[in-house]
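The values are calculated or read from the model by the stated rules, or taken from the named source; none is laboratory data. In this text the structure is predicted, and so the values were computed from the model without any measurement. Neighbour counts are summed over all protein chains in view; Cβ atoms, including those assigned to glycine, are modelled from backbone coordinates with ideal geometry. What goes into the accessible areas is simple: the full protein's heavy atoms, side chains included, and nothing from ligands, DNA or RNA. Shrake-Rupley method; radii C 1.70, N 1.55, O 1.52, S 1.80 Å.
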Amino acid sequence: MERVSAGTKLTVLVLFAPFILWMLLLVILPHIDLLTISLRERVAPRVYEFSFKNYMEFFVEPLYWRTFARTAIMSILATVLTLIIGFPISYYIAKIARGRLKSSLFLLCMLPFWVSELVRTFGWMILLRESGIISGVLQWLGLADGPVEMLYNDAAIMVGLVYTSMLFMVVPLVSTLDSLDDGLIEAAYDLGGSTIAILREIVIPHAMPGIVSGCIVVFMLTLGNYLTPTLLGGKDSLWFTEQIYNQFITRFNWEQGSAFGFLLLLLSSAIIWTGLRLTRQRLQDTIK
Amino acid sequence: MNADASAAFDLEVESVVKKFAAFTAVDEVSFTVPKGSFFSILGPSGCGKTTLMRMIAGFLEPTSGDLRIKGRSMLGVPPNRRPVNMVFQHLALFPMMSVAENVAYGLRRRGAGRAEIEEKVAAMLARVGLPDAGEKRIDQLSGGQKQRIAIARCLVLEPDLLLLDEPLGALDLKLREQMKVELKQLQADVGTTFVYITHDQSEALVMSDQVAVMNAGRFEQVGNPQALYYRPETAFVAGFVGDSNRWIGAAVAVDGRGIKLATDDGLVLYGTAAGRGQVQSGGSLDVFVRPESIAISRSGKDMESWHNRVQGKVKNLLFNGANSRAVVIDDKTGFELIVALPQTGEFADLQRGETVHLGWSAEQTLCFVHDGAAEAA
Ligand SMILES: Nc1ncnc2c1ncn2[C@@H]1O[C@H](COP(=O)(O)OP(=O)(O)OP(=O)(O)O)[C@@H](O)[C@H]1O
Ligand SMILES: [Mg+2]
């Protein structure tokens, strides 16, 4: 075993200090605080007691767990849609496009992120609202008799979510597909493989780490998204983050809000764990 | 072309041309490969070997010309429909599958039954000498084992034609020597027609029934290894196949095939016209003499029967076991020759600076009309 000198240790410490501080200050400490707040109940003004009541509330009140279930299902759907749309795009960028075309396509995927999420979402609202561009074009073409309202429904939410998530799916997919040797695809083709068989047996298994990490990131981002569902879905969007927001800001019930925040963390982790188990993937494999 | 004439050939290539924009990678190549033979394409890096092979496999369409396998034109037939399999330059084994799954891949794609697949895979693994490797992952195999699996993966499909693109390129010298013998043996056993690409002349000479020497997109000569070695038709082939002493000279007098010539260093030699060009008196020549066709002696008397004689000093000794050579400098002109040392022990004590006499026949001095192509070798 090699002995690490004190100097090296110090260097490592200095290098990791920002990361450790960041984890400590922004991730661990707030969550500990969140946990303690969520586990108390106000029995009288300024008097608190230890209790699981805030957590029980979630399971007892149907609105809450239904909102959560809806948010989770919509997020899974958004993730799947992003994957289905993002995979061919990534394949084209990584394997078919060459040189300038490749880099410009990649840049094109990033372009929407030059504008803030708020502005981007307002852009969608301008397109989709009753007096918006799409509605106008449909009327002009004679395909619609009157103004068409395309905002404030689940489809609008879905469009917004997929659009926002695309980059986070495309980046890991392009990088794993890039590392796939073209020779493997040709060899499979040479040995009699059809396009579908090659996709299923060679390309997808190779791209699996990228698919898994892309899906996890997109799922977590979608589940925790607040702006897009509330703006595009309107009053009835029923997104779980909205409930958390309501507890903290509207009702000033920090205890309940913290419990919801914690539940969001636990339940989303559970969903990802289940997802990994169902597809027989391991988180470690994605970091290669 | 009638079917009877084609039946003897597994592969017929007719005037195939491949252009990449303005660049011609394969230029008017024609050849035929008889059934069950081992055919090699030998050429320097970048001469278009892989391009030609990819056209046979179906990954590239020829710009013009025709390709027939067992008499059937392959133009427009995709790679997965051709009765041809290819061992890739970098093997391209599937890392996401076990060794057995790699070998079974093509059979599975053909929809073969489970029992049949298992039986054939086991037989094929045994044939390439790796009967117990089935469960291993690809990254657990050594270089030579990967090689054999890549070949097994193709052979298990019993193709009409197996294409191999420098499959030994990544192996170290010792293993390469061993695999050369194994491959030849394997081909003889299974009887499949092999088309083998290499830039290593010893691989081509040792294994092949027929060798095509390729240069800058064209075939220079097609023949058996002996013909290429002893009767090269172009200066490029003479320079590329085997070692040679090579000079540039000018014809002084021409008498039929016999030529009297003077090298640039001023040495006068007698040679024989070779190749297609017509040697003219005064014309520029490429002259080749193999090191092993030069006789060496310590006394000048032994040399009297040879047309060409040189007396010189040993400048250097290149000891390499049975392949040992001496570099000799001509006393008169400073002209340099490489000579193979006979293995009779007579020259085991040869010293640097010693005077030796050399002699060789006019028939062993091949003269080609100089066209500049030989410099590429
Ligand atoms: N897709 C392509 N586009 C343009 N030029 C190409 C293309 N593929 C090959 N070439 C050119 O064609 C020539 C022949 O290439 P090829 O790969 O056939 O050489 P090779 O004989 O197999 O060489 P090596 O022994 O190094 O593998 C090269 O000069 C190469 O640059
Ligand atoms: Mg090549």
- [ ] Quickly work out the B:Ser142-to-B:Lys19 label distance, labels modelled 7 Å from Cα along the C-beta direction, and quote it in nm with one decimal.
- [x] 4.9
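If I take R0 = 41 Å and measure r between the Cβ atoms of B:Leu318 and B:Ala253 in this structure, what FRET efficiency does the formula 1/(1 + (r/R0)^6) give, to the nearest 0.05? Numbers along the way, then the final one.
On the way: r = 35 Å, r/R0 = 0.85.
E between B:Leu318 and B:Ala253, to the nearest 0.05, is 0.70.
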- [ ] Only helical DSSP H runs with n ≥ 4 go in: add -39500 (n - 2.57) per run for chain A, normalise by residue count and round the 222 nm mean residue ellipticity to 500 deg cm²/dmol.
- [x] -21500 deg cm²/dmol
Open item on the list: With +1 on the Cβ of every Lys and Arg and -1 on the Cβ of every Asp and Glu, and nothing else charged, how large is the dipole of the stretch A:55-286 about its Cα centre, in debye rounded to the nearest 20?
Closed with: 220
Open item on the list: If I model a spin label as a point 7 Å beyond the Cα along the Cα-Cβ vector, how far apart are those points for A:Glu117 and A:Ser175 in nm?
Closed with: 2.1
- [ ] Output the relative contact order of chain B, whole-number percent, from Cα pairs under 8 angstrom with separation of 6+ residues.
- [x] 15
Open item on the list: How tilted is helix B:143-155 with respect to the longest principal axis of chain B? Cα atoms for both, answer in degrees (0 to 90, nearest 10).
Closed with: 60
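Taking a probe of 1.4 Å and counting only protein heavy atoms, give the total accessible area buried between chains B and A in Å², rounded to the nearest 100.
Summing both chains' loss of accessible area gives about 1700 Å².
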Open item on the list: For chain A, set up a GNM with springs between Cα atoms under 10 Å and report which of A:Thr230, A:Thr67, A:Thr36 has the largest fluctuation.
Closed with: A:Thr36
Open item on the list: Show me the trypsin sites (Lys or Arg not before Pro) within the stretch A:78-184 that DSSP assigns to loop and that have at most 15 other Cβ atoms within 10 Å of their Cβ.
Closed with: A:Arg98
Task: Reachable lysines from B:Lys332, criterion Cα separation under 30 angstrom, eight or more residues apart if same chain - done: B:Lys260, B:Lys301, B:Lys313, B:Lys315
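With n ≥ 4 as the cut-off for DSSP H runs, can you work out [θ] at 222 nm for chain B, using -39500 (n - 2.57) per run divided by the number of residues, rounded to the nearest 500?
Taken over chain B, the calculation gives -7000 deg cm²/dmol.
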TODO: Using +1 at the Cβ of each Lys and Arg and -1 at the Cβ of each Asp and Glu in the stretch B:3-235, identify which of B:Gln187, B:Ala100, B:Met53 lies farthest towards the dipole's positive end.
DONE: B:Ala100
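Taking a ≥ b ≥ c as the square roots of the eigenvalues of the Cα gyration tensor of chain A, is the shape rounded (a/c under 1.5), prolate (a/b larger than b/c) or oblate?
Numbers: a/c = 1.97, a/b = 1.13, b/c = 1.74.
It is oblate, given that a/c is not under 1.5 and a/b is not larger than b/c.
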TODO: With no solvent and one equal point scatterer per Cα, compute the Debye intensity ratio I(q)/I(0) for the stretch B:3-235 at 0.12, 0.14, 0.16 Å⁻¹ and report its log10, rounded to two decimals.
DONE: -0.66, -0.90, -1.16
Task: Lysine pairs in the stretch B:3-235 with Cα atoms under 17 Å, if 8 or more residues apart or on separate chains - done: 8
Task: Positive-end residue of B:Val356, B:Phe319, B:Ala273, charge dipole of the protein assembly as shown with Cβ unit charges - done: B:Phe319
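Within chain A, which is the longest segment containing none of the chymotrypsin sites (Phe, Trp or Tyr not before Pro) that sit in a DSSP loop and have at most 13 other Cβ atoms within 10 Å?
On the way: sites that count: A:Phe52, A:Phe252.
Value returned for the longest uninterrupted segment is A:53-251.
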Open item on the list: Can you pull out the GluC sites (Glu not before Pro) in the stretch B:71-135 whose DSSP state is coil and whose Cβ has at most 14 other Cβ atoms within 10 Å?
Closed with: B:Glu135
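List the relative contact order of the stretch B:242-376 as a percent without decimals, with contacts defined as Cα pairs under 8 Å and 6+ residues apart. The partial results should precede the final answer.
On the way: 300 pairs, mean separation 41.6, N = 135.
31 percent.
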Open item on the list: Which of rounded, prolate or oblate describes the stretch B:294-348 when judged by the alpha-carbon gyration tensor and an a/c cut-off of 1.5?
Closed with: oblate
TODO: Report, to the nearest whole %, how much of the accessible area of chain B belongs to carbon and sulfur atoms, 1.4 Å probe, protein only.
DONE: 49
Task: Cleavage-rule hits, trypsin sites (Lys or Arg not before Pro), the stretch A:32-68, DSSP coil, Cβ neighbours within 10 Å at most 12 - done: A:Arg46
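Relative contact order of the stretch A:6-95, please, whole-number percent, based on alpha carbon pairs below 8 angstrom and at least 6 residues apart.
Values: 25 pairs, mean separation 10.4, N = 90.
About 12 percent, as a whole number.
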- [ ] About the Cα centre of chain B, how large is the charge dipole given +1 on each Lys and Arg Cβ and -1 on each Asp and Glu Cβ? Please answer in debye to the nearest 20.
- [x] 760
